[in-house]
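One structure below.
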Amino acid sequence: MTESLAGQIEKVTYLNDETGFSIVMLKVDGKMEAVTAVGQLNSPFPGELVDLTGEFKRHPRFGLQFEVATCASRPPESENGLTKYLGSGLIKGVGPVLAKRLVEAFGQQVLDVLELNPERIVEVKGLGPIRRERVIEAWKSTSGLKQLLTFLSTFNLGPSLASKILNKFGAEAEGIIRADPYRLSYEIPGVGFYTADKVAKSLDFAPDCPTRLEAALVYALDETIRKGHDYFPSNKLIDATKALILEASESALEEALDRLVLAGRVIAEKQEEPGGLDVYLPPLHRAETWVARSLASILKAPFSVGVPRPDKALSWVETTLGLELNEDQREAAIMAITEKCAIITGGPGTGKTTMTKAICGIWKAVTPKLALVAPTGRAAKRLAQATGFEATTIHRLLQYAPKDNGFVHGPNNRLELDMLLVDEASMIDITLMNQLLGAIPSTTALILIGDQDQLPSVGPGRVLHDLLSTGLIASKKLTQIYRQAERSSITKAAHQINLGQTPVDIEQTPESDFFFVAEEDSNKIIDKILKLVSERIPKKLKIDPKYDIMVLSPTKKGELGTVNLNTQLGRVLNSNMGPSISRYGQIFRVHDRVMQLRNNYQKEVYNGDLGWIQSIDMENHEVRVFFEDRVTVYDFSDLDELVVAWASTVHKAQGSEFPAVVIPVHPSHHIMLRRKLIYTAVTRGRRMVFLVGSPTALKRAVLNSQEDHRYSHLDKLLIEAINSAS
């Protein structure tokens, strides 16, 4: 039965800016306890008054909720409501303290004063001239934002995206969108083709207009890159685009693709088999081509500095550093000091770290011009601690130059290096490899170390796989497990998984470091994970769950996906009741663990970096995040770069290790249940690993050795480049 409900928003606990779906706590007259309302609530703010229609329903997990059918909002009327409204982050420069002063000065007329006579804020005590101007300018920009929001509200676009659009396009935003709404998908992070297309349809753009067909093709190509492809065959690209826009004919899309090629927005090359084209975005075409050429040049060029008498050098470093290498490691080390380019792979416990220490010890004795790098900050830190040699991320080695919007070191300003060692090489995508190789002289010795059995890079390409498959680069796989590692159940489990064996028969004693907890019910799996993370593991290992435990899920969606797990884990791991901010479908709170979602060179934070929210400044619209060695400041409009990360996908955790990891495994993960994914997840744990879930699902994953095919020509291009150079 439809009911009406009127009240004041006390707290916003969830907000999806793209869809408008929200969860709020509502103070309703005549009710002692706040009511939970869920549904389309038009970008709610604390303090705002809303008139709702809908009906009460009982959620199996969260209890009684009011499901919203319609929502009409109006500014608050009480002084308390106005104070909450103005202090909730609505206006940059106005936090809770200043909001209270404004309401004390103007009472219930405060919104009219700000709208019609903002100069009157000189009447507010303790507000200096500089700050007054900031507040006035912020309110004016808020007014501009309101006008844009009024236009965008018909398309269900929320305030966070509106703010980004206003920052990008300025006062002409509405005119630009009306002229070409598809620019939203190209130029505004967080706006994809579907959203831009919805706007275009509302603006009466024809289904077969050229801009729509071209935007759909570019979006479909970009989506294939997100899945790891360097390029995509034209026939498959057109099929993928037709699935997006059913009205488009194949001939119309082929013509649109021709226009994109002529405009230089994509590059198309003939396939080896006649009848189609391989379609690239230009940066990836350049990256593949130049990685192949750079590697060919390195293989052809002589050493700038060589290692004399390799056998004696190896014996010397073992004695000097107190190392004892097995035969596998000795062969790999000799290869690494005699070959111009070498690849060394191996799983956990095979001694990659000890061998790396030996290699670096020898090279350090020969030359000071060497560098150790890894794709992520955590991997670089671990490399430095394990080897005793300085290590850094690839991005920091190359040094970002904000003025030039690029790296200091590149083809025109190469690093002075005699040897470069790259750890966690399986993580490196084609773009990053191109940037790295373009910055070193061809006389540099290059050593790549990684685990070829892990998942491929999150970004496009299959670099390590392609280099190994050519057989043209010296390589060695370590297989002998160290004596110390043989005692680790984690190591045993990882190697069993790699062999296609389900690790459920490993002896589980109080001294074990690997455990499998059988459970079929997804709600009970969540309960067990919460208890493990908040109680059992911290007590056993004497560690802090906020910093030292990571829950790794195969997927984002579903009850056992990272989105829901982060909500559940946040409730037990972060009881902080201080400031919070709702942006881009997430609630960020002080002390939350967060993860960076894409490279931000200006901030020097990169995809996969983990941090902790230190403070939220409602007045200046800033969130301060601590990333291990520094604090980074985010504007509220930039929070789409972050995600709450008590739980992470396995892909995003590549290159990271944690004292303890907990991994849910369930049939609902279906297509993600694969051997490499489970293997990668298990090898992220250093001191303890818990697999929690269905034995059947785990067995299915371990037996499934299938890998997603990635379209890449790097192997072919490298063979061609080496043959042409010889």
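The values are calculated or read from the model by the stated rules, or taken from the named source; none is laboratory data. What you see is a predicted model; the values in this text were computed from it and never measured. We place every Cβ from the backbone using ideal geometry, glycine too, and count neighbours over all the protein chains shown. Protein only, heavy atoms only, side chains kept; ligands, DNA and RNA dropped before computing areas. Shrake-Rupley method; radii C 1.70, N 1.55, O 1.52, S 1.80 Å.
Work through the residues other than Leu184 whose Cβ is under 11 Å from its Cβ and net out their charges, Lys, Arg +1 and Asp, Glu -1. Net charge around Leu184: +1.
If you take the charge dipole of the chain about its Cα centre, with +1 on Lys and Arg Cβ and -1 on Asp and Glu Cβ, which of Ala380, Ala474, Thr555 is farthest toward its positive end? The residue sitting farthest along the positive end of the dipole is Ala380. Using +1 at the C-beta of Lys and Arg and -1 at the C-beta of Asp and Glu, which of Ala645, Asn599, Tyr584 has the Cα lying farthest in the positive direction of the dipole of the range 573-685? Highest projection toward the positive end goes to Ala645.
Note on the chain: antiparallel DSSP beta bridges, both residues inside, total approximately 60 percent of the bridges counted.
Between amide H atoms placed 1.01 Å from N, distances below 5 Å from Arg583 occur with Phe588, all of them 5 or more places distant or on a separate chain. The residues packed around Ala721, meaning those with a beta-carbon under 13 Å from its beta-carbon, carry a net charge of -1 if Lys and Arg are +1 and Asp and Glu are -1. In this structure, the amide hydrogen of Thr13, modeled 1.01 Å from its nitrogen in the peptide plane, lies closer than 5 angstrom to those of Ile23, Val24, Met25, counting only residues at least 5 positions away or on a different chain. List the trypsin sites (Lys or Arg not before Pro) in the range 585-658 that DSSP assigns to loop (not H, G, I, E or B) and whose Cβ has at most 16 other Cβ atoms within 10 Å. Which are they? In loop regions of the range 585-658 (DSSP not H, G, I, E or B), the sparsely surrounded trypsin sites (Lys or Arg not before Pro) are Arg598. The phi torsions of the range 98-114, fed into the Karplus equation with coefficients 6.51, -1.76 and 1.60 and a -60° offset, translate into couplings of 5, 4, 5, 5, 4, 5, 4, 6, 10, x, 6, 8, 4, 5, 5, 4, 5 Hz, rounded to whole numbers, with Gly and Pro shown as x. If only the Cβ of Lys and Arg carry +1 and only the Cβ of Asp and Glu carry -1, the dipole of the chain around its Cα centre is close to 1800 debye. Across the options Leu82, Ser4, Gly438, the greatest Cα extent toward the positive end of the charge dipole of the chain (unit charges at beta carbon of Lys, Arg, Asp, Glu) belongs to Gly438.
In percent, how large is the relative contact order of the chain, given Cα pairs closer than 8 Å and 6 or more residues apart? Display every interim value, and only then the final one.
Values: 1381 pairs, mean separation 88.4, N = 726.
Relative contact order for the chain comes out at 12 percent.
Quick one: net charge of Lys477's neighbours, Cβ under 14 Å, K/R +1, D/E -1? Residues close to Lys477 contribute a combined charge of -3. Restriction of the GluC sites (Glu not before Pro) in the range 202-259 to DSSP coil positions whose beta-carbon has at most 13 other beta-carbons within 10 angstrom yields Glu247.
With r as the distance between the Cβ atoms of Val633 and Val261 and R0 = 51 Å, compute the FRET efficiency 1/(1 + (r/R0)^6) and round to 0.05. That gives a FRET efficiency of 0.75. Note on Lys352: lysines with a C-alpha under 24 Å away, same-chain residues under 8 apart excluded, are Lys312, Lys340, Lys364, Lys369, Lys381, Lys476, Lys477, Lys492, Lys652, Lys676. In order along the range 181-196, phi translates into HN-Hα couplings of x, 6, 4, 4, 6, 7, 10, 10, x, x, 10, x, 4, 4, 5, 4 Hz, rounded to whole numbers, per the Karplus curve 6.51 cos²θ - 1.76 cosθ + 1.60 with θ = phi - 60° and x for Gly and Pro. Our summary gives the range 340-488 a relative contact order of 35 percent, counting only alpha carbon pairs under 8 angstrom and 6 or more residues apart. Rounded to whole numbers, the Karplus 3J(HN,Hα) couplings from phi for the range 45-57 are 10, x, x, 6, 8, 9, 10, 10, 10, x, 8, 7, 9 Hz, using 6.51 cos²θ - 1.76 cosθ + 1.60 with θ = phi - 60°, and x at Gly and Pro.
Among bridges DSSP assigns within the range 511-655, what percent are antiparallel (round to 5)?
Values: 22 of 25 bridges.
Bridges in the range 511-655 are about 90 percent antiparallel.
Close amide-amide hydrogen proximity is noted between Gly406 and Ala401, each under 5 Å apart and 5 or more residues distant or on a separate chain (H modeled in the peptide plane; Pro and chain starts excluded). A Cβ-based charge dipole, computed about the Cα centre of the range 326-379 with Lys and Arg at +1 and Asp and Glu at -1, lands at about 300 debye.
Looking at the range 294-381, the accessible area is 39 square angstrom per residue; that uses a 1.4 Å probe and ignores ligands, DNA and RNA. Taking a ≥ b ≥ c as the square roots of the eigenvalues of the Cα gyration tensor, an a/c ratio of 1.5 or more together with a/b no larger than b/c marks the range 333-464 as oblate.
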